[in-house]
1. Considering only segment 336-384, state which residues are over 19 Å from Leu246 (Cβ atoms) and surrounded by 14 or more Cβ atoms within 10 Å (Cβ to Cβ).
2. Tell me yes or no: at least one residue of segment 127-148 is within 16 Å of ligand 1 (Cβ to nearest atom), crowded, with 21+ Cβ neighbours inside 10 Å and within 14 Å of Ile313 (Cα to Cα).
3. Tell me, please, whether a residue that is within 16 Å of the chain's Cα centre (by Cα), within 14 Å of ligand 1 (Cβ to nearest atom) and within 30 Å of Leu290 (Cα to Cα) can be found in segment 151-171.
4. Residues of segment 318-328 being surrounded by 14 or more Cβ atoms within 10 Å (Cβ to Cβ), touching a helix residue (DSSP H, G or I) at 6+ places or on another chain (Cβ under 7 Å) and under 29 Å from Lys142 (Cβ atoms), which ones?
5. For Ser155, work out the one condition from (1) surrounded by fewer than 20 Cβ atoms within 10 Å (Cβ to Cβ); (2) not in a loop (DSSP other than H, G, I, E, B) it doesn't fulfil.
6. What residue, among those in segment 172-210 that are β-branched (Val, Ile, Thr), open to solvent by less than 30 Å² (accessible area, probe 1.4 Å) and out of contact with any His (no Cβ under 9 Å at 6 or more places or on another chain), is nearest to ligand 1 (Cβ to nearest atom)?
7. So in segment 35-90, with the set limited to residues that are of a type in the set (Lys, Arg) and in contact with a Leu (Cβ under 8 Å, 6 or more places away or on another chain), which one is nearest to Thr174 (Cα to Cα)?
8. Please count how many residues of segment 402-421 are in contact with a Cys (Cβ under 9 Å, 6 or more places away or on another chain) and part of a loop (DSSP other than H, G, I, E, B).
Amino acid sequence: MVFVPELIQKKRDGISLTAEEIEYLVNGYVRGIIPDYQMAAFLMAVYFKGMSYEETTALTLSMARSGEVMDLSSIEGIKVDKHSSGGIADTTTLVLLPLVASAGVKVAKMAGRGLGYTGGTIDKLESIPGFKTQLTKDEFLKNVMTVGAAITAQSENLVPADKKLYALRDVTATVESIPLIASSIMSKKLAGGADKILLDVKFGKGAFMKTYEEALELAKTMVKIGYLAGKEVVAYVTDMDQPLGLAIGNALEIIEAAEVLKNNGHQDLRELCVRFGAEMMVLAGIEKNLIKAQHVLEENIDNGDALTKFKEIIEAQSGDPSVLDDYTKLPQSTFVHSLVVDEDCYIKDVDAFKLGVCAVRLGAGREKKEDKIDHSVGIVLGGKVGDKLKEGQAYATIYANSYEKLEDAINMVKDSFQFSKLPVQKKKLIYARITLESIEA
Ligand code: URA
Ligand code: CA
């Protein structure tokens with residue numbers, strides 16, 4: 001007979017729990033046998049005492065098994081999934097999916113909606129007229145087999161333990177715990193059924209992890225969980241102090257993704273996508289050498305193959321692919337307003353968090369769960385940290401649908417930027433690459 005207060009006490013006193021004890025807690029909580037107040041006390045004990053890699057893996061596996069687990073075995077080859085820990089204007093998935101599919105990587109991607117001030121790929125894709133984000137399991141698998149990639153909203157029954165635990169963490173100040181974040185993310189990845197996983201752990205003003213050290217620890221924990229659960233995981237630690245690329249918003253990020261695939265996009269977004277894509281090709285066993293894989297992907301951008309693949313993915317999910325050639329077919333905002341610099345200067349700082357909040361206020365994200373997204377609104381930056389602007393040049397353009405919201409956004413965007421007359425160093429984007437070997441070394 002397991003006595004829940006004893007398990008809470010054990011963790012409170014810093015003693016490790018066994019896999020069976022953790023399984024008992026997760027199962028009991030999901031089935032409603034263990035009440036919120038006991039689980040909340042347990043989560044707070046984890047927050048203060050942490051968990052070993054073995055405990056975190058046991059937690060992850062118990063959570064992953066709490067609902068449906070995808071079976072991708074009918075798709076031939078090694079399936080690779082990619083996940084970002086969440087950030088502002090993280091347009092990566094929209095570029096990466098067609099890019100790697102054009103090079104033969106099979107991707108069965110389950111994606112989420114926006115969370116807090118961070119955007120969600122599913123919301124972005126719904127800017128495209130007709131695009132279906134709820135595929136049946138058969139449609140999903142068939143599209144991966146025929147087109148090479150498919151993307152669908154997470155099914156309701158994927159990791160119910162995470163839904164329940166996340167809601168409890170949200171109201172008990174226990175979100176910012178590395179074992180709890182790692183198990184939340186990895187349980188969903190394991191239930192998603194891919195063979196190998198590429199993780200992008202972001203840190204900075206616009207991310208859950210505020211410092212490099214925390215992000216590094218989270219990355220290592222997830223690589224280790226993957227290993228203990230029998231899946232190869234490669235994790236990157238990347239900057240999220242300033243937004244990724246230039247566009248923040250749903251339709252605006254569809255345009256941004258198309259521009260990268262047309263060889264016109266912002267360099268930092270392109271660099272990250274080519275690098276991640278190369279990692280996915282190597283993980284999938286399609287290419288051995290990272291540099292060679294990057295060359296293949298650069299070529300598929302230059303020759304238009306990746307853009308064509310994006311159109312195929314859109315068409316296969318009932319969307320209108322011609323939006324990529326004619327952006328006016330995407331939702332348009334009533335107001336478009338540019339903010340300009342009044343002298344020659346360099347961009348010194350761009351606060352991703354403030355811009356993320358601003359985009360949500362404009363309607364690009366949800367303030368309450370029931371809120372409807374406005375796909376047309378957002379912000380497009382005129383440059384990034386270190387870029388030089390000439391007098392009269394725009395440093396940001398705001399897309400809004402009401403005059404009041406535009407006025408608020410103008411103040412918030414102004415407050416998000418700092419300028420300097422002296423040259424400013426550009427920011428590093430990729431900080432670390434974590435593999436099992438790099439942890440053990
Ligand atoms: N993303 C998740 O899926 N879970 C967390 O706990 C934090 C970020
Ligand atoms: Ca972006």
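1. Matches in segment 336-384: Arg361, Gly363, Arg366, Ile373, Asp374.
2. There is no residue in segment 127-148 that is within 16 Å of ligand 1 (Cβ to nearest atom), crowded, with 21+ Cβ neighbours inside 10 Å and within 14 Å of Ile313 (Cα to Cα).
3. No; the residues of segment 151-171 include none that is within 16 Å of the chain's Cα centre (by Cα), within 14 Å of ligand 1 (Cβ to nearest atom) and within 30 Å of Leu290 (Cα to Cα).
4. Residues satisfying the conditions are Asp320, Pro321, Val323, Leu324.
5. Unmet condition: (2).
6. Across segment 172-210, the extreme among qualifying residues is Ile181.
7. Out of the qualifying residues, it is Lys82.
8. Residues meeting the conditions: 1.
The values are calculated or read from the model by the stated rules, or taken from the named source; none is laboratory data. All values reported here derive from a predicted model rather than from experimental measurement. FYI the Cβ positions are ideal-geometry reconstructions off the backbone, even for glycines, and counts take in every protein chain you see. The protein model used for the area step is the full one, side chains on, heavy atoms only, and it has no ligands, DNA or RNA in it. Shrake-Rupley method; radii C 1.70, N 1.55, O 1.52, S 1.80 Å.
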